[in-house]
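Right, one structure below, let's go through it.
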Amino acid sequence: MHRVYLDNNATTPVLPEVFEAMRPYFGEHFGNASSIHHHGQETRAAVESARESVAGLLGCTASEVIFTSGGTESDNLAIAGLVKAGDHVITSGIEHHAVLHAAKNLEQIGCEVTVLPADGRGLVDPDDVKRGLRPATKLITVMMANNETGVLQPVEEIGKLAAEAEVLFHTDAVQAAGKVPIDVKRMHCHALSISGHKLHGPQGTGALFLKKGTQLQPLFHGGRHERSRRAGTENVPGIVGLGKAAKLASESFNNGAIERLAAMRDRLQRVVLSCIEGTTVNGDGAPRVPNTANIRFDDIEGESLVIALDLKGLAVSTGAACSSGAIEPSHVLIAMGLRPEQARASIRFSLGKQTTEEDIDFAIQLLPETVARLRELSPAYKKQTIST
Amino acid sequence: MPWSEIPKLTTETIAVAMSGGVDSSTVAAMLRAEGHSVIGLTMQLWNQRRLAGRDGMPESVQGRCCSLDDVYDARRVAQHIGIPYYVVNHEETFERDVIRPFISEYLSGRTPIPCSLCNNHLKFEQLQLVARQIGAERVATGHYARVAFDANRQRWFLKRPADHCKDQTYFLFGLTQEQLSRTLFPLGDMTKPEVRECARRHGLALAEKPDSQEICFVPGGDYKRFIDAYLAEQGESLPDTAGELVTTNGEVIGEHAGVHNFTVGQRKGLGVATGSPLYVIQISGADKQVVVGNDEHLYSRTLRARRVNLISLAAIREPMRVSVKIRHRHEPAPAIIENTDEDEILVTFDQPQRAITPGQAAVFYDGDIVVGGGWIS
């Protein structure tokens, strides 16, 4: 079956160049990067070179990059590592669960957590951040780009507020990295999380930027890896892959790749909105990353649409999978004020570097008939058409 | 032949309701082996974690319906036989159409059957809808029952299965003609040992998995504890349904803590000691009375069934001789059924029946054919 993958905010395929860069580190270059001999020196060089590539993507120095197992670990490391009992933390209701649950968990050690709302466009208001500040506030953590809607948050303003209040600022940039330029200095952030597999690197890799001089309590205790901030033998092939992916991501801002991505996303969005009635873009009116379109199809069950499309070869997503694999309405869309049935009727299309114009054609061809079929069988749609 | 090499012989796509048990897993494997395009669907109906550890509910949620173990098993079967598989979330509908009625029935002094409600509202309503939306016109389940179109009467018939010990038609009496026309019961002609043998033959790792017995969302069968925990979670308090324990002569012989603690025919837990064994004869939700009496008082020749669904015929125009089953483990008893009202059927048994229980279903059989059924009022 011909398959098209438009769920790149869930994960992206490893680019062939990335895979090629990783390959030798599964075989001939196998050394432990902490070993003093030749084998260790070889892999140490690879790890540090990757660190420089990641630093290049984030606009920081190499020593400010800590390699982790992914976005979730980076978020947890930043949040648990920067806060201690009695501190106050400000976050937002549209954060990824890796931030939201990590922050909520701090309540168990006697921290207070303020969860800020988002407006109908999916934006967190910096004034709310300002109003949320208290003398005990230690950390603000607000994401750079939302995973569901792609909406870019006003992180520079929030960073400025944090700096003025002398509060630490962490941002989850997992969905921003590789899609929009990142400059940790402009954002005034102390910590920033990225994930390898969201930017065409391997799964199980990630990094945390930690501003020089920022005190961090490690999550893992063990050897003195990563300058005692993250114990455990380095995942050398993974780190090499992340480094290569970061390098390619940096280049994509100068070679037209991002503009092409944005044009394809805009075309998908435009055609869907004009060909299918009862459609709305969630997050419309707010700045968004160039690869994401979250579209609401009134009166359909997103779960059924995702399954129906998958059976026809198109991979997209809706909501969040719970542990059984069943779908729960997106907490992000609910936080934006959507009713549960509207959240359930919303589908996320997310493009990647491998996405082609033909892929978009395929989606555009498939969607109208599939949505029509679902609506034909939708009790809510029938009720509405009868009443109008 | 490896599963991947089985050709797709039909153009029809069939959805299989997979619970992670032997029966529905075998159905999926059988249909796939026959060359159908099969889609596996599991309904996520109830989050066992919600009430775990609350108000005396067990902490552990392993090994029950909608548990991760069952979803894991269903998914592994789907992977083994090479079919697409999805978990669909119907927790909201289940709570509204099964859990809440289950609780309110008990609090009104009746003894509900959640499995029938689940079949009517979820498995044969919501799941059939999802199946059609995703391109499968029919849904197969692992129920032991048979479905067939009767050309003479131009109606879909529901029939008892070959294995009468496993007969599940009692829980399926609410199916409409439309629903039956979209249903497949591939196990209807098989016995349970044959199903297990078939599972083994198809290499299913769960061929020896034990059958589930209890109400899926009530751990250990303790429905009272479940009601307490659910209401507490909802921030609602248990309505006070405490009242008097009276004899069949109207004599008050004690008090009880709430009508939901009783079911007709119950002997234990009455809290009174008398010479001869006492049983619950009747529960009156309105005045909160629990009537107790001797075994002989439990017998009755008639019952009234409401919210009737007829399957093998469109209407009962004159008294009809059938067999009637009044609970799952009850041998159908000969009786006459007649319409007394638009939506009420009077059942008159040849012989008095023990413990006719409001809230349970009365299902009418003509031999193996399910005529229809209703809820005992």
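The values are calculated or read from the model by the stated rules, or taken from the named source; none is laboratory data. This structure is a prediction, so every number in the text was calculated from the model and none was measured. Neighbour counts are summed over all protein chains in view; Cβ atoms, including those assigned to glycine, are modelled from backbone coordinates with ideal geometry.
Could you tell me whether the stretch B:335-342 includes any residue that is among the β-branched types (Val, Ile, Thr), closer than 30 Å to B:ALA145 by Cα and over 25 Å from the mean Cα position of the chain (by Cα)? Write out each step before concluding.
Narrowing the stretch B:335-342 to residues among the β-branched types (Val, Ile, Thr): B:336-337, B:340.
This time we only want the ones that are closer than 30 Å to B:ALA145 by Cα, so: B:336-337, B:340.
Within this subset, residues satisfying the condition of being over 25 Å from the mean Cα position of the chain (by Cα) are B:340.
So far as the stretch B:335-342 goes, yes, one or more of its residues are among the β-branched types (Val, Ile, Thr), closer than 30 Å to B:ALA145 by Cα and over 25 Å from the mean Cα position of the chain (by Cα).
With the stretch A:332-388 as the region, which helices (runs of 4 or more DSSP H) entirely inside it contain at least 2 residues that are aliphatic (A, V, I, L, M) and either touching a Lys or Arg at 6+ places or on another chain (Cβ under 9 Å) or under 25 Å from B:GLY135 (Cα atoms) (or both)?
A:357-376, A:379-387
When only residues in the stretch B:21-49 that are among the β-branched types (Val, Ile, Thr) and not in a strand (DSSP E or B) count, which is farthest from B:GLU208 (Cα to Cα)?
B:VAL27
How many of the residues making up the stretch B:88-141 are within 14 Å of chain A (Cβ to nearest Cβ) and either closer than 23 Å to B:GLU233 by Cβ or not β-branched (Val, Ile, Thr) (or both)?
22
Is it true that some residue in the stretch A:343-359 is within 14 Å of chain B (Cβ to nearest Cβ), surrounded by fewer than 23 Cβ atoms within 10 Å (Cβ to Cβ) and of a type outside the set (Phe, Trp, Tyr)?
No.
If you check B:GLY174, B:GLY109, which single one turns out to be in a loop (DSSP other than H, G, I, E, B) and at pLDDT 95 or above? Give the derivation first.
Details: B:GLY109 fails: at pLDDT 95 or above.
The conditions single out B:GLY174.
What residue, among those in the stretch B:259-278 that are without any contact (Cβ under 8 Å) to a residue 60 or more places away in the chain and touching a Lys or Arg at 6+ places or on another chain (Cβ under 8 Å), is surrounded by the fewest Cβ atoms within 10 Å (Cβ to Cβ)?
That would be B:PRO277.
Do any strands (runs of 3 or more DSSP E) lying entirely in the stretch B:323-377 carry at least 2 residues that are of a type in the set (Val, Ile, Thr), and which ones are they?
B:333-341, B:344-354, B:369-376
Any residue at all in the stretch B:21-38 that is within 12 Å of chain A (Cβ to nearest Cβ) and crowded, with 24+ Cβ neighbours inside 10 Å? Working first, answer last.
Taking the stretch B:21-38 first, the residues within 12 Å of chain A (Cβ to nearest Cβ) are B:37-38.
Checking which are crowded, with 24+ Cβ neighbours inside 10 Å leaves us with B:38.
The answer is yes; a qualifying residue exists.
In the stretch B:173-204, what count of residues is obtained for those that are among the hydrophobic types (A, V, I, L, M, F, W, C) and touching a Gly at 6+ places or on another chain (Cβ under 9 Å)?
4
Is one or more of the residues making up the stretch A:112-134 of a type in the set (S, T, N, Q), touching a helix residue (DSSP H, G or I) at 6+ places or on another chain (Cβ under 9 Å) and within 30 Å of A:ALA257 (Cα to Cα)? Outline the logic, then answer.
Going through the stretch A:112-134, the residues of a type in the set (S, T, N, Q) turn out to be A:114.
When the remaining residues are screened for being touching a helix residue (DSSP H, G or I) at 6+ places or on another chain (Cβ under 9 Å), the result is A:114.
Now restrict to residues that are within 30 Å of A:ALA257 (Cα to Cα): none.
No, that holds for no residue.
For the stretch A:42-62, give me each residue that is crowded, with 20+ Cβ neighbours inside 10 Å, part of a helix (DSSP H, G or I) and under 22 Å from the mean Cα position of the chain (by Cα).
A:ALA50, A:ARG51, A:SER53, A:VAL54, A:ALA55, A:LEU57, A:LEU58
Please determine, by comparing only the residues of the stretch A:148-185 that are in a helix (DSSP H, G or I) and touching a residue at least 60 places away in the same chain (Cβ under 8 Å), which one is surrounded by the fewest Cβ atoms within 10 Å (Cβ to Cβ). Walk me through it before giving the result.
First, pick out the residues of the stretch A:148-185 that are in a helix (DSSP H, G or I): A:155-165, A:184-185.
After this cut, where a residue has to be touching a residue at least 60 places away in the same chain (Cβ under 8 Å) as well, the list is A:184-185.
Working: A:VAL184: 22, A:LYS185: 11.
The qualifying residue surrounded by the fewest Cβ atoms within 10 Å (Cβ to Cβ) is A:LYS185.
Out of all the residues in the stretch A:296-303, is one or more away from chain B (no Cβ under 14 Å), outside any strand (DSSP E or B), at negative phi and at pLDDT 95 or above?
Yes, the stretch A:296-303 contains at least one residue that is away from chain B (no Cβ under 14 Å), outside any strand (DSSP E or B), at negative phi and at pLDDT 95 or above.
Confirm whether A:GLU95 is assigned by TED's automatic domain parsing to the domain that holds A:ALA176, modelled with pLDDT of 95 or more and part of a helix (DSSP H, G or I).
Numbers: assigned by TED's automatic domain parsing to the domain that holds A:ALA176: yes; modelled with pLDDT of 95 or more: yes; part of a helix (DSSP H, G or I): no.
Here the answer is no, as A:GLU95 does not meet what is asked.
Which residue out of A:ALA286, A:ALA262 is within 30 Å of A:ALA21 (Cα to Cα) and either assigned to a loop (DSSP other than H, G, I, E, B) or more than 14 Å from chain B (Cβ to nearest Cβ) (or both)?
Of A:ALA286, A:ALA262, the one residue that is within 30 Å of A:ALA21 (Cα to Cα) and either assigned to a loop (DSSP other than H, G, I, E, B) or more than 14 Å from chain B (Cβ to nearest Cβ) (or both) is A:ALA262.
Go through the residues of the stretch B:280-289 one by one and say whether even a single one is farther than 24 Å from B:ASP228 by Cβ and either in contact (Cβ under 8 Å) with a residue 24 or more places away in the chain or over 27 Å from the mean Cα position of the chain (by Cα) (or both).
Scanning the stretch B:280-289, I find at least one residue that is farther than 24 Å from B:ASP228 by Cβ and either in contact (Cβ under 8 Å) with a residue 24 or more places away in the chain or over 27 Å from the mean Cα position of the chain (by Cα) (or both), so the answer is yes.
Within the stretch A:315-331, restricting attention to residues that are facing another protein chain (nearest Cβ under 7 Å) and outside any loop (DSSP other than H, G, I, E, B), which residue is surrounded by the fewest Cβ atoms within 10 Å (Cβ to Cβ)?
In this case the residue turns out to be A:GLU328.
What's the total number of residues in the stretch B:69-82 that are surrounded by fewer than 22 Cβ atoms within 10 Å (Cβ to Cβ) and not acidic (Asp, Glu)? Can you show your working first?
Our first condition is that a residue be surrounded by fewer than 22 Cβ atoms within 10 Å (Cβ to Cβ); within the stretch B:69-82, this holds for B:69, B:71-72, B:75-76, B:79-80, B:82.
Going one step further and asking which of them are not acidic (Asp, Glu), we end up with B:71-72, B:75-76, B:79-80, B:82.
Going through the stretch B:69-82 one residue at a time, the tally reaches 7.
Here is a list of conditions, (1) in a helix (DSSP H, G or I); (2) under 23 Å from the mean Cα position of the chain (by Cα); (3) not hydrophobic (A, V, I, L, M, F, W, C), and A:ARG227 meets all of them except one; can you say which number that is?
Answer for A:ARG227: the failing condition is (2).
Which one of these is within 12 Å of another protein chain (Cβ to nearest Cβ) and in contact (Cβ under 8 Å) with a residue 40 or more places away in the chain: B:VAL71, B:VAL77?
B:VAL71
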